[in-house]
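Quick notes on the structure that follows.
The values are calculated or read from the model by the stated rules, or taken from the named source; none is laboratory data. Nothing here was measured: the structure is a model prediction, and the numbers come from that model. Cβ coordinates were reconstructed from backbone atoms using ideal geometry, including for glycine residues, and neighbour counts include every protein chain displayed.
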Amino acid sequence: MRSSRCSTALTNCGRASKPGWRPEPDLALWGLYNAAGSREERVLTSPGARLRSAWSEQSPLQIVGTINAYTALLAERAGHRALYLSGAGVANASFGCPDLGITSLNDVCEDARRITGATDLPLLVDADTGWGGAFNIARSVRDLVRSGAAGAHIEDQVGQKRCGHRPNKAIVPLDEMLDRIKSAVDARTDEAFVVMARTDALASQGMEEALERARRCVEHGADAIFAEAVESLDQYRAFVEACAPSPVLANITEFGRTPLFTLEELRQAGVGLALYPLSAFRAMSRAAERVYAEIAQGGTQQPVVETMQTRDELYEVLGYHGYERKLDELFGKENT
């Protein structure tokens, strides 16, 4: 049971994953039904197993970034099957600081718990460098499993890391990266928990070194490969060939070194996972800037009201009225 849910009785009170759709009211009120179908069916498998199932059924599997529980609900409502918690998202959105290794394991786990408390969609988590040596990495993996995460990627940058699409990145020796992967694989308490190896070697060490690192990580137990800052489809094809049958993830982040390849282009290149880590966060940030500017400069929000989500739409996403009905059912007689 997830402690972050509002309560057992009020879980998923009428929450809908698609407009106009509702789970059975009596089951939904008691948490036996979930936004995407039978909750009993989905909790029989672990989050890691659900992520593996999703990528086996849909290739490339789109994994969308969610910075909090509410955006996770929006992603689920749009029909996505897998979610992502970015280290940059935690740093930027939860702490207002840059993605430079400032946030901790506990910071990331707290955001992960909130997301997995709101949805059963599998959540892939950015674990940066693992937050230390072998025992630190072991603790990180176990805590992420307990937080409800489906998997995590660990990278080969040094502890004082930088954004993957910025210059002057430094990476650890290959043996140290392999030790990180071995520690993570050994520590997982759920065998289905996905250990993904991310390599940042391409930018500083070149293609051959990046491919060698990817191959060796797979040999040492990595379930998938995150090739960072890839610049062409041919490079993706090389990673796919080197790592088969393990899936390769393409980081389709905006304003970085990787072109915004379409899903079909990635499919043709053999890419198994397509990541959109901060797309919604960037759009939300621009929208917030506009609203704050209108209020500050014009003295009213009237010009931007038409761009806002309405109160009814918010309630629809949250299943608000289902919560009210449950309150009436539980306490209505006492108040009459």
Hey, among Ala224, Ala244, Ala197, which residue is within 24 Å of the chain's Cα centre (by Cα) and surrounded by fewer than 18 Cβ atoms within 10 Å (Cβ to Cβ)? Ala244
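Being in contact with a helix residue (DSSP H, G or I) (Cβ under 8 Å, 6 or more places away or on another chain) and part of a loop (DSSP other than H, G, I, E, B) is the filter here, so list the residues in segment 206-222 that pass it.
The first filter runs over segment 206-222 and keeps only residues in contact with a helix residue (DSSP H, G or I) (Cβ under 8 Å, 6 or more places away or on another chain), leaving 207, 209-218, 220-222.
Within segment 206-222, His220, Gly221, Ala222 qualify.
For segment 312-326, which positions are in a helix (DSSP H, G or I) and of a type in the set (Gly, Ala, Ser)?
Start the filter on segment 312-326 by keeping residues that are in a helix (DSSP H, G or I), which leaves 312-318, 320-326.
Gly322, the sole residue that qualifies.
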Listed residues Ala229, Ala280, Ala274; which is surrounded by 12 or more Cβ atoms within 10 Å (Cβ to Cβ), in contact (Cβ under 8 Å) with a residue 60 or more places away in the chain and farther than 28 Å from Thr119 by Cβ? Ala229
Examine segment 136-153 for a residue that is surrounded by fewer than 22 Cβ atoms within 10 Å (Cβ to Cβ), in the same structural domain as Ala210 (by TED's automatic domain parsing), within 20 Å of Arg216 (Cβ to Cβ) and among the hydrophobic types (A, V, I, L, M, F, W, C), and state whether such a residue exists. no
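Residues checked against (1) among the small types (Gly, Ala, Ser); (2) modelled with pLDDT of 95 or more; (3) closer than 27 Å to Glu219 by Cα; (4) within 22 Å of the chain's Cα centre (by Cα):
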| residue | (1), (2), (3), (4) |
| --- | --- |
| Ala250 | yes, yes, yes, yes |
| Phe261 | no, yes, no, yes |
| Gln268 | no, yes, yes, no |
| Val271 | no, yes, yes, yes |
| Ser279 | yes, yes, no, yes |
Of (1) in the same structural domain as Val230 (by TED's automatic domain parsing); (2) over 30 Å from Phe226 (Cβ atoms); (3) charged (D, E, K, R), Glu329 fails just (1)
Ile137 of a type in the set (Val, Ile, Thr), under 19 Å from Phe281 (Cβ atoms) and without any contact (Cβ under 8 Å) to a residue 60 or more places away in the chain: no
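If the requirement is being touching a residue at least 60 places away in the same chain (Cβ under 8 Å) and acidic (Asp, Glu), which of these qualifies: Asp200, Asp111, Asp120? So that I can check it myself, show each step before the final result.
Values: Asp200 fails: touching a residue at least 60 places away in the same chain (Cβ under 8 Å); Asp111 fails: touching a residue at least 60 places away in the same chain (Cβ under 8 Å).
Exactly one residue qualifies, and that residue is Asp120.
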Out of (1) farther than 14 Å from Ser59 by Cβ; (2) touching a Ser or Thr at 6+ places or on another chain (Cβ under 9 Å); (3) part of a helix (DSSP H, G or I), the odd one out for Arg237 is which? (2)
Could you check how many residues of segment 284-311 are surrounded by 12 or more Cβ atoms within 10 Å (Cβ to Cβ), part of a helix (DSSP H, G or I) and polar (S, T, N, Q)? 1
Unique match (being surrounded by fewer than 24 Cβ atoms within 10 Å (Cβ to Cβ) and touching a Cys at 6+ places or on another chain (Cβ under 8 Å)) among Leu178, Leu211: Leu178
Scan segment 183-193 for residues that are buried (at least 24 other Cβ atoms within 10 Å of the Cβ) and either among the aromatic types (Phe, Trp, Tyr) or over 14 Å from Glu155 (Cα atoms) (or both) and report the count. 1
